[in-house]
Amino acid sequence: MSSTSPAARRGRHRRLALGLIATAQFMVIMDTSIIGVALPKMQADLGFSAEGLSWVFNAYVVAFGGLLLLGGRLSDLFGARRIFGVGWGVLAVGSLLAGLAGDVGTELVGRAVQGAGSALIAPAALTLLFMTFGANPKELTGALALYGAAAPAGGTAGVFLGGVLTEYASWPWVFFINVPLALAVLGLTPMSLPRGTRQPGSLDLVGALTATVGLASLVFAIVRAPQAGWTSQATFVTGFVGLALLGVFVLLQARRPHPLMRLGIFRAPNLGAANIAQFFLGAAWIPMFFFVNLYLQQVLGLGAFASGAALLPLTVTIMVGMIAAAPRLIGRYGPKAMTVAGLVTLSAGLVWLSLLRPDGSFVVDVLPASLLTAAGMAMAFIPSLGLALSSAAPEEGGLAAGIVNTNYQVGSALGLAAMTAVAAAFGADDADLVSVTDGFSAGLLGAAGIAALGAVAAATWLRAPAPAQADYESVAS
């Protein structure tokens, strides 16, 4: 007979639950980066055109961004644990399809199915995190820190794993690796994650359709704009259709008895402002990661695998900052001050990074400035995410998680597309290294401006937590 106490067993289950939730965040981000090294071989084997190859990435992003809001609502209606499991099943199916693909169309369908699975996993995972740790503010902040740190870890691990699998196995394994992990998570989920509650109501199918197609169209227009042109007819029409459908969605939500997204949720203190902060964080951070990686490879001449290794100090700084430093600083200074300070620090780091030289070096031109940006991200991400989630009522946790994930992902897509266009305008597409570096510098300066705007918005609109949230600011250091 086991002598393990009930308290010890509960503690072990909670640690396992946090591990599964962090794994979800790790995988969602890893699946965006793991394909990078494999793209040339995929192009040769499947017959992608140079322009079409970008859609191996974009198909995932469009499906992920377009379905997040629906995923959050499904989590509330049918239970977060159930939707979490369904999402992992969908991700596994999409991964098999992408890995077994023998042509371009099947590959893109597989990537879109992967994105749909991630759109179910991400909001459900955040809801389960709040259900498991929300009763204790100190535990909640620590859990959010580990959850946040899993994202940069997944991004860096994707580069490493993509290189290793492509080099020593074959490119389909960048997708097949998801399958055993998904099966393991599905096996552990019933014994470690809370069942959750099913909220009354029905699924607003018309609202779900207009929101999903509208968001997907908008994200499609954003990620396609650098190739098609920001003023092209295709970009204008797709973007207009997306915005029009989102407008119809808002009108429908105001009239439905059981809407997909109750508009009154935005009356919750800080929810809107915290989501704006997350939007600006994504819009500034993803271009930084993109341009630094290109600078390392195209200007400094590092290979993809070596570039991933060069980003390890940045990744470690974020992880340590989120896990060890952020909870203490939030407890001492409060989430608003930390969000503003983090965005200001991120902006300063991006300005420093914009001083890249065509004859520079990693140690001088990249390392110190990238560590400063990592510190800023670590400071701002956890408090703004915590405020966005804790502002909503518990029964709308899935919806709040879907909203904040959508804002971060759409911000990331818009920021990357806009800064890629800025970089191209200043010479990033030219042949000589001086022009290329000037283009990257312009893109990084633009990202610094985005982070600065985020800091102004957070300082202006974030407020001290309402009484129901007061414990969030009292986390012990």
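The values are calculated or read from the model by the stated rules, or taken from the named source; none is laboratory data. All values reported here derive from a predicted model rather than from experimental measurement. Methodologically, a virtual Cβ is constructed for each residue, glycine included, from the backbone with ideal geometry; neighbour enumeration extends over all protein chains shown.
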* Asked: Among the residues of segment 303-347, which ones are closer than 14 Å to T373 by Cβ, of a type in the set (S, T, Y) and at pLDDT below 90?
  -> T315
* Asked: Of all residues in segment 44-90 being under 21 Å from the mean Cα position of the chain (by Cα) and either in the same structural domain as A216 (by TED's automatic domain parsing) or basic (K, R) (or both), which is nearest to H258 (Cα to Cα)?
  -> R73
* Asked: Do any residues in segment 425-447 that are farther than 24 Å from G411 by Cβ and in contact (Cβ under 8 Å) with a residue 60 or more places away in the chain have Cβ atoms under 9 Å from those of residues that are surrounded by 18 or more Cβ atoms within 10 Å (Cβ to Cβ) and among the hydroxyl-bearing types (S, T, Y), where the two are at least six apart or on different chains, and which pairs are they?
  -> V436/Y295; T437/Y295
* To do: Kindly establish whether G115 is more than 29 Å from V206 (Cα to Cα), assigned by TED's automatic domain parsing to the domain that holds I177 and either surrounded by 24 or more Cβ atoms within 10 Å (Cβ to Cβ) or not hydrophobic (A, V, I, L, M, F, W, C) (or both).
  => no
* Output the number of the condition that E139 fails; it satisfies all remaining conditions of (1) surrounded by 24 or more Cβ atoms within 10 Å (Cβ to Cβ); (2) of a type outside the set (K, R); (3) farther than 22 Å from V223 by Cβ. => (1)
* Please state which of the following conditions A284 fails to meet, knowing it meets all the rest: (1) under 30 Å from P40 (Cα atoms); (2) part of a helix (DSSP H, G or I); (3) modelled with pLDDT under 90. => (3)
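Scan segment 131-138 and give yes if some residue there is within 19 Å of the chain's Cα centre (by Cα), assigned by TED's automatic domain parsing to the domain that holds P40 and in a helix (DSSP H, G or I), otherwise no.
Step one: of segment 131-138, the residues within 19 Å of the chain's Cα centre (by Cα) are none.
For segment 131-138, residues within 19 Å of the chain's Cα centre (by Cα), assigned by TED's automatic domain parsing to the domain that holds P40 and in a helix (DSSP H, G or I): absent.
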* To do: Looking at (1) part of a helix (DSSP H, G or I); (2) surrounded by 19 or more Cβ atoms within 10 Å (Cβ to Cβ); (3) in contact with a Gly (Cβ under 9 Å, 6 or more places away or on another chain), find the lone condition where S441 falls short.
  => (3)
* Filter result for S118 (over 25 Å from L263 (Cβ atoms), of a type in the set (S, T, Y) and not in a helix (DSSP H, G or I)) -> no
* Structure fact -> Just one listed residue, out of G187, G155, G162, is without any contact (Cβ under 8 Å) to a residue 60 or more places away in the chain and either in contact with a helix residue (DSSP H, G or I) (Cβ under 9 Å, 6 or more places away or on another chain) or assigned to a helix (DSSP H, G or I) (or both), and it is G187
* To do: Kindly list the number of the only condition in (1) surrounded by fewer than 24 Cβ atoms within 10 Å (Cβ to Cβ); (2) out of contact with any Asp or Glu (no Cβ under 8 Å at 6 or more places or on another chain); (3) under 18 Å from F175 (Cβ atoms) that fails for A101.
  => (2)
* **Members of segment 30-85 found to be under 25 Å from D103 (Cα atoms), in contact with a Lys or Arg (Cβ under 9 Å, 6 or more places away or on another chain) and among the aromatic types (F, W, Y), listed by number** => W55, F57, Y60
* Asked: Restricting attention to segment 77-87, does a residue exist that is in a helix (DSSP H, G or I), touching a Leu at 6+ places or on another chain (Cβ under 8 Å) and within 19 Å of A388 (Cα to Cα)?
  -> yes
* Look at I276 and say whether it is among the aliphatic types (A, V, I, L, M), assigned by TED's automatic domain parsing to the domain that holds P368, surrounded by fewer than 24 Cβ atoms within 10 Å (Cβ to Cβ) and in contact (Cβ under 8 Å) with a residue 60 or more places away in the chain. => yes
* Starting from segment 253-268, take each residue that is within 28 Å of R463 (Cα to Cα) and list its partners that are outside any helix (DSSP H, G or I) and of a type in the set (A, V, I, L, M, F, W, C), counting only C-beta distances under 7 angstrom and pairs at least six apart or across chains. => Q253/L260; Q253/M261; I265/A392; A268/A392
* To do: Go over the candidates L91, L74 one by one and state the one that is touching a residue at least 24 places away in the same chain (Cβ under 8 Å), under 22 Å from S217 (Cβ atoms), of a type outside the set (G, A, S) and crowded, with 20+ Cβ neighbours inside 10 Å.
  => L74
* Select from segment 165-184 the residues that are surrounded by fewer than 20 Cβ atoms within 10 Å (Cβ to Cβ), modelled with pLDDT under 90 and part of a helix (DSSP H, G or I) and list them in ascending order. => E167, Y168
* Structure fact -> Taking segment 16-63 and keeping residues within 15 Å of L161 (Cα to Cα) and assigned to a loop (DSSP other than H, G, I, E, B) leaves I34, I35, G36, V37, A38
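Looking at segment 302-309, can you tell me whether even one residue there is crowded, with 24+ Cβ neighbours inside 10 Å, under 25 Å from G439 (Cβ atoms), in the same structural domain as L453 (by TED's automatic domain parsing) and more than 18 Å from the chain's Cα centre (by Cα)?
Checked against the condition, which is being crowded, with 24+ Cβ neighbours inside 10 Å, under 25 Å from G439 (Cβ atoms), in the same structural domain as L453 (by TED's automatic domain parsing) and more than 18 Å from the chain's Cα centre (by Cα), segment 302-309 yields at least one hit.
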* Filter result for P335 (within 22 Å of the chain's Cα centre (by Cα) and more than 21 Å from V159 (Cβ to Cβ)) -> yes
* Asked: Is it fair to say G446 is small (G, A, S) and modelled with pLDDT of 95 or more?
  -> yes
* With the condition kept exactly as written, say whether any residue in segment 350-366 is small (G, A, S), outside the structural domain of P226 (by TED's automatic domain parsing) and part of a helix (DSSP H, G or I). => no
